[in-house]
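Engineer: Below you will find the structure I want to go over with you.
The values are calculated or read from the model by the stated rules, or taken from the named source; none is laboratory data. Not measured: the values here are computed from a predicted model. Glycine also receives a Cβ, built like all others from the backbone with ideal geometry; neighbour counts cover every protein chain displayed. Side chains are part of the model used for accessible areas, which takes the heavy atoms of the whole protein and leaves out ligands, DNA and RNA. Shrake-Rupley method; radii C 1.70, N 1.55, O 1.52, S 1.80 Å.
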Amino acid sequence: MKNFQFHRPKSVAEAVVLLKASAAAKVLAGGQSLLPMMKLDMAQPSDLVSLAGLADLRAVRVDGKNLLVGALATHAEVARSTAIPGLAALAGAIGDAQVRNRGTIGGSISHADPAADYPAALVGLGATVATDRRRIPADSFFTGLFQSALEPDELITAVHFPVPERCAYAKFAHRASKFAVVGVMVAKTAGGVRVAVTGAGPSAFRVPEMEAALGKKFAPEALDGIEVAADRLQSDSEASSEFRAHLIGVMARRAVAAA
Ligand SMILES: Cc1cc2nc3c(=O)[nH]c(=O)nc-3n(C[C@H](O)[C@H](O)[C@H](O)COP(=O)(O)OP(=O)(O)OC[C@H]3O[C@@H](n4cnc5c(N)ncnc54)[C@H](O)[C@@H]3O)c2cc1C
């Protein structure tokens, strides 16, 4: 691990000044993804800007028709929230107790791991990411493998989840890490049905054919005969693209049944 300067700002504005001061500065939230990367020399920040002093970013509260989840809310805190049970259950199935007690929603979505669970929640629920300078719809937030729409010096402050009529997430989890081999969030919202998949491509994506079918009849059998093409899916030692295509159908049906 290379040497770095450690900072503990007392406000979002102060954190952003520190991030702008060095192109190689990095935000530190729960450290569950960044610290392992630093230990492996896959990340070599000149400065670590810790968010630990920004208590305001920990809030989890209902804000009008939205659930506001502060960027520093841990997975365990979201798992204890009650406004969107399907989101709470998703957070409660991330990793293990240590990861859930340290890892944060802001860190997870900034990292944009293709197998992470929260991307399915953000895209499936039509969330909005608030940063120090703008609001980014979830549909345009995840831009590729470990890539997001964030600028290098941009700080996530919160995620706003519209409260759906109902939703559920079903995951076929990696046996060791619990990351999603395939995870599907299905949500029935005032604006229609949304179906979002994580773990199967470079970033979370929606399945319009499933959304249309569930819009007509919100029941597992409405998905009969709908298959996601395997050729655009990821294939690795955990699952072939054909198996992932099959899992998307199975997980989507389970999520509809649970919702
Ligand atoms: C053993 C293990 C199992 C795991 N299993 C799962 C799993 O099943 N499902 C799952 O989804 N994830 C899983 N994870 C990942 C976990 O959810 C991490 O908590 C998450 O990916 C990173 O969150 P963090 O708060 O620890 O971020 P950090 O590691 O502190 O930071 C990660 C990245 O985000 C940036 N960042 C952090 N906060 C902000 C912010 N507010 N604004 C801008 N940039 C920011 C950092 O600069 C860094 O680039 C697992 C991790 C481990 C170690």
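Engineer: Just to be sure, is GLY107 within 11 Å of the ligand (Cβ to nearest atom) and either of a type in the set (D, E, K, R) or out of contact with any His (no Cβ under 7 Å at 6 or more places or on another chain) (or both)?
Structural biologist: Details: within 11 Å of the ligand (Cβ to nearest atom): yes; either of a type in the set (D, E, K, R) or out of contact with any His (no Cβ under 7 Å at 6 or more places or on another chain) (or both): yes.
It is true that GLY107 is within 11 Å of the ligand (Cβ to nearest atom) and either of a type in the set (D, E, K, R) or out of contact with any His (no Cβ under 7 Å at 6 or more places or on another chain) (or both).
Engineer: Is it true that THR74 is away from the ligand (no atom under 16 Å from the Cβ) and polar (S, T, N, Q)?
Structural biologist: Working: away from the ligand (no atom under 16 Å from the Cβ): no; polar (S, T, N, Q): yes.
No, not satisfied.
Engineer: Let me ask something else. Please count how many residues of region 187-210 are open to solvent by 30 Å² or more (accessible area, probe 1.4 Å), among the hydrophobic types (A, V, I, L, M, F, W, C) and either on the phi > 0 side of the Ramachandran plot or at pLDDT 95 or above (or both).
Structural biologist: Of the residues in region 187-210, 1 are open to solvent by 30 Å² or more (accessible area, probe 1.4 Å), among the hydrophobic types (A, V, I, L, M, F, W, C) and either on the phi > 0 side of the Ramachandran plot or at pLDDT 95 or above (or both).
Engineer: Still on this structure, I have one more. Just need a number here: residues in region 85-121 that are touching a Leu at 6+ places or on another chain (Cβ under 9 Å) and more than 22 Å from THR131 (Cβ to Cβ).
Structural biologist: Of the residues in region 85-121, 1 are touching a Leu at 6+ places or on another chain (Cβ under 9 Å) and more than 22 Å from THR131 (Cβ to Cβ).
Engineer: I want to confirm something. Restricting to region 211-235 and keeping residues that are touching a helix residue (DSSP H, G or I) at 6+ places or on another chain (Cβ under 6 Å) and assigned to a helix (DSSP H, G or I), which single residue is most open to solvent (accessible area, probe 1.4 Å)? Spell out how you get there, then give the answer.
Structural biologist: Residues of region 211-235 that are touching a helix residue (DSSP H, G or I) at 6+ places or on another chain (Cβ under 6 Å), as a first pass: 213-214, 220, 222-223, 226, 228, 230, 233, 235.
Now narrow it down to the ones that are assigned to a helix (DSSP H, G or I): 213-214, 220, 222-223, 230.
Details: ALA213: 20, LEU214: 2, PRO220: 43, ALA222: 24, LEU223: 0, ALA230: 26 Å².
Among those that are touching a helix residue (DSSP H, G or I) at 6+ places or on another chain (Cβ under 6 Å) and assigned to a helix (DSSP H, G or I), it is PRO220.
Engineer: For ALA121, all conditions in the list (1) more than 9 Å from the ligand (Cβ to nearest atom); (2) part of a loop (DSSP other than H, G, I, E, B) hold save one; what is the number of the exception?
Structural biologist: Single failed check for ALA121: (2).
Engineer: Next question. Which strands (runs of 3 or more DSSP E) does region 125-180 wholly contain that include 1 or more residues that are surrounded by fewer than 15 Cβ atoms within 10 Å (Cβ to Cβ) and without any contact (Cβ under 8 Å) to a residue 24 or more places away in the chain?
Structural biologist: Values: elements: 128-131, 135-137, 142-144, 156-162, 166-173.
Ranges flagged: 135-137.
Engineer: Is it true that some residue in region 40-51 is touching a residue at least 24 places away in the same chain (Cβ under 8 Å), over 21 Å from PHE141 (Cβ atoms), of a type in the set (D, E, K, R) and loosely packed, with under 13 Cβ neighbours inside 10 Å?
Structural biologist: yes
Engineer: Looking only at residues that are in a strand (DSSP E or B) and over 18 Å from ALA55 (Cα atoms) in region 17-28, which one is farthest from the ligand (Cβ to nearest atom)?
Structural biologist: Step one: of region 17-28, the residues in a strand (DSSP E or B) are 25-28.
Applying the additional criterion that residues be over 18 Å from ALA55 (Cα atoms) yields 25-26.
Values: ALA25: 9, LYS26: 4 Å.
Looking at residues that are in a strand (DSSP E or B) and over 18 Å from ALA55 (Cα atoms), I get ALA25.
Engineer: Moving on. Could you please give the count of residues in region 77-103 that are open to solvent by less than 10 Å² (accessible area, probe 1.4 Å) and within 13 Å of the ligand (Cβ to nearest atom)?
Structural biologist: Counting residues in region 77-103 that are open to solvent by less than 10 Å² (accessible area, probe 1.4 Å) and within 13 Å of the ligand (Cβ to nearest atom) gives 5.
Engineer: Name the pairs: first residue in region 88-116 and at negative phi, second residue open to solvent by 40 Å² or more (accessible area, probe 1.4 Å) and within 9 Å of the ligand (Cβ to nearest atom), Cβ to Cβ under 6 Å, at least 6 apart or on different chains?
Structural biologist: Hits for this filter: ILE94/ARG100; VAL99/GLN32; ARG102/GLN32; GLY103/GLN32; HIS111/SER33; ALA115/PHE179.
Engineer: Taking only region 4-20 into account, find how many residues are in contact with a Pro (Cβ under 7 Å, 6 or more places away or on another chain) and aliphatic (A, V, I, L, M).
Structural biologist: Step one: filter region 4-20 for residues in contact with a Pro (Cβ under 7 Å, 6 or more places away or on another chain), giving 4, 15, 18.
Still in the list and also aliphatic (A, V, I, L, M): 15, 18.
Count: 2.
Engineer: Select from region 29-39 the residues that are among the aliphatic types (A, V, I, L, M) and surrounded by fewer than 20 Cβ atoms within 10 Å (Cβ to Cβ) and write down the one among them that is nearest to the ligand (Cβ to nearest atom). Before you say what the answer is, go through the steps one by one.
Structural biologist: Taking region 29-39 first, the residues among the aliphatic types (A, V, I, L, M) are 29, 34-35, 37-38.
Next cut, surrounded by fewer than 20 Cβ atoms within 10 Å (Cβ to Cβ) only: 35, 37-38.
Values: LEU35: 6, MET37: 8, MET38: 9 Å.
So the residue we want is LEU35.
Engineer: So which residues in region 52-63 are buried (at least 16 other Cβ atoms within 10 Å of the Cβ) and within 11 Å of the ligand (Cβ to nearest atom)?
Structural biologist: LEU54, LEU57
Engineer: Continuing with the same structure: Looking only at region 64-76, how many residues end up being over 18 Å from ALA15 (Cβ atoms) and surrounded by 13 or more Cβ atoms within 10 Å (Cβ to Cβ)? First the steps, then the outcome.
Structural biologist: Initial filter on region 64-76 (over 18 Å from ALA15 (Cβ atoms)): 64-69, 74-76.
Filter once more, keeping what is surrounded by 13 or more Cβ atoms within 10 Å (Cβ to Cβ): 66-69, 74-76.
Count: 7.
Engineer: Right, something else. Taking the residues in region 104-118 that are part of a helix (DSSP H, G or I) and of a type outside the set (Val, Ile, Thr) as candidates, determine which candidate is surrounded by the most Cβ atoms within 10 Å (Cβ to Cβ).
Structural biologist: Residues of region 104-118 part of a helix (DSSP H, G or I): 105-111, 118.
Applying the additional criterion that residues be of a type outside the set (Val, Ile, Thr) yields 106-108, 110-111, 118.
On the way: GLY106: 26, GLY107: 25, SER108: 27, SER110: 22, HIS111: 18, TYR118: 32.
The residue in question is TYR118.
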